[in-house]
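To start, the structure under review is shown below, and the notes come after it.
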Amino acid sequence: MAAGLPAGLSSLLLQSQAVFTTVFAVGLLGERPAARQWAGLGVAVLGVLLVASRLGADRPVEGFLLVLAAAVAWGLSNIMMRRAAPPDMLRFMVWVSAVATLPLLGLSLLVEGPARVSEAVAALDGAGLGALAYIAWISTLAGFAGWGLLIRRYGAATVAPFSMLVPFFGMGSAALVLHEPLGATDLMAGALVVGGVLLSAAGARAGPPRQPSGRTRRGPRRGTCLRNRTKASPRRGAG
């Protein structure tokens with residue numbers, strides 16, 4: 001966005017991570033999305049490409065490529081969360097955020113320079129602190145913890161297309177808060193994105209069943225109770 005790409009368009013293009021996530025999930029995790037999921041993803045991608053086709057002076061190619069690179073990184077992180085499958089996703093995100101602090105600070109100092117970082121810290125006001133708290137606690141920790149939990153349970157290829165709903169809210173918020181214009185092409189692209197998500201969700205396979213493990217846990221307890229009763233009967237009879 002700092003390179004000149006509008007906020008609403010950035011939120012839309014970033015959701016191409018669903019495409020990268022699905023491709024990575026197939027190649028690295030061996031997941032096999034259903035045909036309807038592929039079709040829904042294709043429809044949603046058409047919406048992304050429709051907006052991307054309007055790149056020009058007010059929508060620079062550099063910004064487009066930067067957002068696309070971020071989408072690739074997000075896709076890889078989805079695969080990593082799926083592969084890691086931590087038992088407590090919130091704690092996992094807390095530690096991921098803590099570990100990322102120093103590398104991100106180093107990159108900020110390298111790219112933006114110490115003077116600009118100092119100016120940004122000195123200029124923090126109530127609105128800036130509120131935005132920082134929202135990004136840190138809600139959209140990062142709570143949001144990605146829930147996101148990772150869904151990926152672990154249902155699979156990356158199934159969950160990733162739902163992120164295509166983000167542009168619906170991102171573009172709407174940009175129009176309401178930042179007064180970014182929404183043309184007919186943008187609205188048509190948004191409709192394609194939402195329709196593709198719904199189509200993909202309708203073809204999603206259910207997550208791994210949980211009942212067998214529950215039966216396995218209950219079985220030994222019932223068997224143990226029967227064995228205990230059998231062992232206890234002779235003692236009562238002997239008494």
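Whether a residue is farther than 15 Å from SER10 by Cα and assigned to a helix (DSSP H, G or I) was assessed, and VAL67 does not pass this test. Every condition in (1) of a type in the set (A, V, I, L, M); (2) open to solvent by 40 Å² or more (accessible area, probe 1.4 Å); (3) more than 24 Å from VAL194 (Cα to Cα) is met by LEU46 except one, and the failing one is (3). The set of residues in the range 179-189 that are open to solvent by 100 Å² or more (accessible area, probe 1.4 Å) and more than 24 Å from GLY40 (Cα to Cα) comprises HIS179, PRO181.
Per-residue answers, yes or no, for (1) buried (at least 17 other Cβ atoms within 10 Å of the Cβ); (2) modelled with pLDDT of 85 or more; (3) closer than 27 Å to VAL99 by Cα:
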{"position": "ALA145", "(1), (2), (3)": "yes, no, yes"}
{"position": "GLY148", "(1), (2), (3)": "yes, no, yes"}
{"position": "ARG153", "(1), (2), (3)": "no, no, yes"}
{"position": "GLY170", "(1), (2), (3)": "yes, no, no"}
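Here's the yes/no breakdown for (1) crowded, with 17+ Cβ neighbours inside 10 Å; (2) over 13 Å from the mean Cα position of the chain (by Cα); (3) at pLDDT below 80; (4) among the aromatic types (Phe, Trp, Tyr):
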residue: GLU31; (1), (2), (3), (4): yes, yes, no, no
residue: ALA35; (1), (2), (3), (4): no, yes, no, no
residue: GLY63; (1), (2), (3), (4): yes, yes, no, no
residue: VAL67; (1), (2), (3), (4): yes, yes, no, no
residue: MET80; (1), (2), (3), (4): no, no, no, no
residue: ASP88; (1), (2), (3), (4): no, yes, yes, no
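Of the residues making up the range 54-72, those that are touching a residue at least 40 places away in the same chain (Cβ under 8 Å) and out of contact with any Ser or Thr (no Cβ under 8 Å at 6 or more places or on another chain) are ASP58, ARG59, PRO60, GLU62, PHE64, LEU66, ALA70, VAL72.
Restricting attention to the range 5-29, the residues that are open to solvent by less than 40 Å² (accessible area, probe 1.4 Å) and under 16 Å from ALA70 (Cβ atoms) add up to 14.
The values are calculated or read from the model by the stated rules, or taken from the named source; none is laboratory data. Keep in mind the model is a prediction, meaning the values are calculated, not measured. For neighbour counting, all protein chains shown are included, and Cβ atoms are generated from backbone atoms with ideal geometry for every residue, glycine included. For accessibility, only protein heavy atoms count, side chains too; no ligands or nucleic acids. Shrake-Rupley method; radii C 1.70, N 1.55, O 1.52, S 1.80 Å.
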